[in-house]
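First up is the structure itself, then whatever we jot down about it.
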Amino acid sequence: MSYAHGMMAIRLQAPPVIPRTEYCSHRAFTLRVTGIDPEDPERGHLCGPELARLLDYGLIWSVFEYPFRGRRTNMGHASWYDREWRPDERFCPFKSEEDVLNFDPAAEFGIASYAEMTAYFERAYQNSQAAYPHSVFTGGRYHTLISACIDAFGWEMFLSALGSDPKRFERVLDGFFERSMADIRAQARTSIPAFICHDDMVWSSGAIFHPDWYRRNVFPRFRKLWEPLHEAGIPVLFCSDGNFTEFVDDLAEAGADGFIFEPLTDLEYICKRYGKTKVIIGNADCRILTFGDREDIRREVERCFNLGRNCPGFMMATGNHIPPNIPLDNIMYYDEIVQKMRMKR
């Protein structure tokens, strides 16, 4: 019933059991629950679907992006495993602000035909949904606008170029907009039941840029990007790391049908203002799971359910994800408490 409950929440139909999802990279927890080692070369690919089935995930967080060529930096990213930290060693191919300001993302990355892209996305969705038959598998895009700039230029070149000539940088942003729009128009033609628009547009302290810059350059573009999805009847769930509380109303006005967020963004504000009209996914604090005791964990789970229980589109999740450093006993207790509390609508 998890798929049915996930779809009911996306449609704001208040399923009898509150759905949940998690973003889990904890090897020991996955092995304990499923009996499958995620790093097993032969069976590791089975652990994700099995974990989703056993924990009754109503939704799988997913994005699809059409492969592209071109310069990228991806600086500042790394992969954290339970035994080591693996930094991304790629260097930045942009050597000056002028390099960035003269960059044309749409021309360099290329845009395939809509027929080709639609077929690619439909195939990706169908294969993924077949692998996770018990959960709603979404479509989506990760590198939308701000995240696209971070991915291409790295933080230093991105911030330096934008600050040196904000007007010229709008043309660069238009190129990323065009590239994202191509993906979105193609996905709007597919069978996806929902679309996750991911864009890490804020820091943990809040806005990276002056709020007026977002209201001139980001939210109007979001509105246009989401129009093909809304025309196709596909709800848009906006997702960002950090604290975007001050922009929740802007995102809602731009057309976001739901929010996926970390504990830094105010769950209480979203539930009170949009609890009856938006999908809300989150937002237990993984830091409490890491450093707290059982009573701390219980209080954190209760906080989320007390705020979200009466919201028809609420789904429970740990904000950001469940990383490998959380003590196994704490995750097992967290899961136990979540499973009990989600049964009480």
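Whether any residue in the stretch 173-188 is of a type in the set (G, A, S), touching a residue at least 24 places away in the same chain (Cβ under 8 Å) and loosely packed, with under 15 Cβ neighbours inside 10 Å is what I want to check. So that I can check it myself, show each step before the final result.
The initial filter retains those residues of the stretch 173-188 that are of a type in the set (G, A, S), namely 175, 180, 182, 186, 188.
After this cut, where a residue has to be touching a residue at least 24 places away in the same chain (Cβ under 8 Å) as well, the list is 175, 180, 182, 186, 188.
Right, trim to loosely packed, with under 15 Cβ neighbours inside 10 Å and you get none.
Checked against the condition, which is being of a type in the set (G, A, S), touching a residue at least 24 places away in the same chain (Cβ under 8 Å) and loosely packed, with under 15 Cβ neighbours inside 10 Å, the stretch 173-188 yields no hits at all.
Step by step: first the residues of the stretch 297-345, then only those that are closer than 12 Å to C286 by Cβ and of a type in the set (S, T, Y), then the one that is farthest from the chain's Cα centre (by Cα). Which residue is that?
Y334
Looking at the stretch 54-80 only, could you name the residues that are at pLDDT 90 or above and on the phi > 0 side of the Ramachandran plot? Lay out the reasoning, then the answer.
Residues of the stretch 54-80 at pLDDT 90 or above: 54-66.
If the condition is that a residue be at pLDDT 90 or above and on the phi > 0 side of the Ramachandran plot, then D56 is the only one that fits.
Going by the structure shown, is E231 touching a strand residue (DSSP E or B) at 6+ places or on another chain (Cβ under 7 Å) and surrounded by fewer than 19 Cβ atoms within 10 Å (Cβ to Cβ)? Lay out the reasoning, then the answer.
Numbers: touching a strand residue (DSSP E or B) at 6+ places or on another chain (Cβ under 7 Å): no; surrounded by fewer than 19 Cβ atoms within 10 Å (Cβ to Cβ): yes.
Spelling it out, it is not the case that E231 is touching a strand residue (DSSP E or B) at 6+ places or on another chain (Cβ under 7 Å) and surrounded by fewer than 19 Cβ atoms within 10 Å (Cβ to Cβ).
Tally up the residues in the stretch 225-274 that are outside any helix (DSSP H, G or I) and either of a type outside the set (S, T, N, Q) or under 19 Å from L59 (Cα atoms) (or both), please.
Initially, the stretch 225-274 is screened for residues outside any helix (DSSP H, G or I), giving 232-244, 255-266.
With either of a type outside the set (S, T, N, Q) or under 19 Å from L59 (Cα atoms) (or both) added as a condition, the list becomes 232-242, 244, 255-264, 266.
Residues flagged as outside any helix (DSSP H, G or I) and either of a type outside the set (S, T, N, Q) or under 19 Å from L59 (Cα atoms) (or both) within the stretch 225-274 amount to 23.
From the list D183, D151, D165, which residue is under 24 Å from L237 (Cβ atoms), among the acidic types (D, E) and touching a helix residue (DSSP H, G or I) at 6+ places or on another chain (Cβ under 8 Å)?
Numbers: D151 fails: touching a helix residue (DSSP H, G or I) at 6+ places or on another chain (Cβ under 8 Å); D165 fails: under 24 Å from L237 (Cβ atoms).
Just one listed residue meets the conditions, D183.
If a residue has to be under 22 Å from I192 (Cβ atoms) and either in a helix (DSSP H, G or I) or out of contact with any Leu (no Cβ under 6 Å at 6 or more places or on another chain) (or both) to count, how many in the stretch 1-44 make the cut?
Narrowing the stretch 1-44 to residues under 22 Å from I192 (Cβ atoms): 1-13, 15, 19-23.
In the following step, the residues that additionally are either in a helix (DSSP H, G or I) or out of contact with any Leu (no Cβ under 6 Å at 6 or more places or on another chain) (or both) were identified as 1-13, 15, 19-20, 22-23.
Residues meeting the conditions: 18.
Output the residue which, of all residues in the stretch 189-218 that are β-branched (V, I, T) and not in a strand (DSSP E or B), is nearest to F176 (Cα to Cα). Outline the logic, then answer.
Start the filter on the stretch 189-218 by keeping residues that are β-branched (V, I, T), which leaves 190, 192, 196, 202, 208, 218.
Retained after the next criterion (residues that are not in a strand (DSSP E or B)): 190, 192, 208, 218.
Values: T190: 22, I192: 23, I208: 18, V218: 11 Å.
Applying the filter and picking the extreme gives V218.
State all residues of the stretch 45-64 that are under 24 Å from G140 (Cβ atoms) and either surrounded by fewer than 18 Cβ atoms within 10 Å (Cβ to Cβ) or of a type in the set (D, E) (or both); if no residue qualifies, say none. Walk me through how you get there before you give the answer.
So the first thing to find is which residues in the stretch 45-64 are under 24 Å from G140 (Cβ atoms), and the list is 45-53, 55-64.
Hits for the stretch 45-64 are H45, L46, E50, R53, D56.
I'd like to verify a number: residues in the stretch 103-147 that are closer than 30 Å to F209 by Cβ and out of contact with any strand residue (DSSP E or B) (no Cβ under 9 Å at 6 or more places or on another chain), how many? Break it down stepwise before answering.
At the first step, the residues of the stretch 103-147 found to be closer than 30 Å to F209 by Cβ are 103-111, 138-147.
Within this subset, residues satisfying the condition of being out of contact with any strand residue (DSSP E or B) (no Cβ under 9 Å at 6 or more places or on another chain) are 103-111, 145.
The number of residues fulfilling the criteria is 10.
Out of the residues in the stretch 1-33 that are surrounded by fewer than 17 Cβ atoms within 10 Å (Cβ to Cβ) and of a type in the set (D, E, K, R), state the one that is farthest from I331 (Cα to Cα).
In this case the residue turns out to be R11.
Condition test on N320, is it on the phi < 0 side of the Ramachandran plot and surrounded by fewer than 23 Cβ atoms within 10 Å (Cβ to Cβ)? Outline the logic, then answer.
Values: on the phi < 0 side of the Ramachandran plot: no; surrounded by fewer than 23 Cβ atoms within 10 Å (Cβ to Cβ): yes.
Considered against the rule, which asks whether it is on the phi < 0 side of the Ramachandran plot and surrounded by fewer than 23 Cβ atoms within 10 Å (Cβ to Cβ), N320 comes out as no.
Say whether the condition of being buried (at least 20 other Cβ atoms within 10 Å of the Cβ) and part of a loop (DSSP other than H, G, I, E, B) is met by at least one residue in the stretch 326-337.
Yes, the stretch 326-337 has at least one match.
Being hydroxyl-bearing (S, T, Y) and either in contact with a Lys or Arg (Cβ under 7 Å, 6 or more places away or on another chain) or in a loop (DSSP other than H, G, I, E, B) (or both) is the filter here, so list the residues in the stretch 113-155 that pass it. First the steps, then the outcome.
We begin by selecting, within the stretch 113-155, every residue hydroxyl-bearing (S, T, Y); these are 113-114, 118, 120, 125, 128, 132, 135, 138, 142, 144, 147.
Listed by number, the residues that qualify are S113, Y114, T118, Y132, S135, T138, Y142, T144.
Here's a check for you: in the stretch 81-107, which residue that is surrounded by fewer than 15 Cβ atoms within 10 Å (Cβ to Cβ) and assigned to a helix (DSSP H, G or I) is modelled with the lowest pLDDT?
A107
Can you pull out every residue in the stretch 286-302 that is out of contact with any strand residue (DSSP E or B) (no Cβ under 7 Å at 6 or more places or on another chain), closer than 19 Å to Q339 by Cβ and touching a residue at least 24 places away in the same chain (Cβ under 8 Å)? Write out each step before concluding.
To start, the set of residues in the stretch 286-302 that are out of contact with any strand residue (DSSP E or B) (no Cβ under 7 Å at 6 or more places or on another chain) comprises 287-288, 290-299, 302.
From the residues that got through so far, the ones that are closer than 19 Å to Q339 by Cβ too are 288, 292, 294-299, 302.
Selection gives G292, R294, I297, R298, E302.
Filter the stretch 275-305 down to residues that are assigned to a loop (DSSP other than H, G, I, E, B) and among the charged types (D, E, K, R) and give me whichever is surrounded by the most Cβ atoms within 10 Å (Cβ to Cβ).
If we filter the stretch 275-305 for residues that are assigned to a loop (DSSP other than H, G, I, E, B), which is where we start, we get 275-278, 282-283, 285, 292-293.
Restricting the remaining residues to those that are among the charged types (D, E, K, R) gives 276, 278, 285, 293.
On the way: K276: 12, K278: 25, D285: 21, D293: 10.
Within the stretch 275-305, the match that is surrounded by the most Cβ atoms within 10 Å (Cβ to Cβ) is K278.
The values are calculated or read from the model by the stated rules, or taken from the named source; none is laboratory data. Computed from a predicted structure; not experimentally measured. For neighbour counting, all protein chains shown are included, and Cβ atoms are generated from backbone atoms with ideal geometry for every residue, glycine included.
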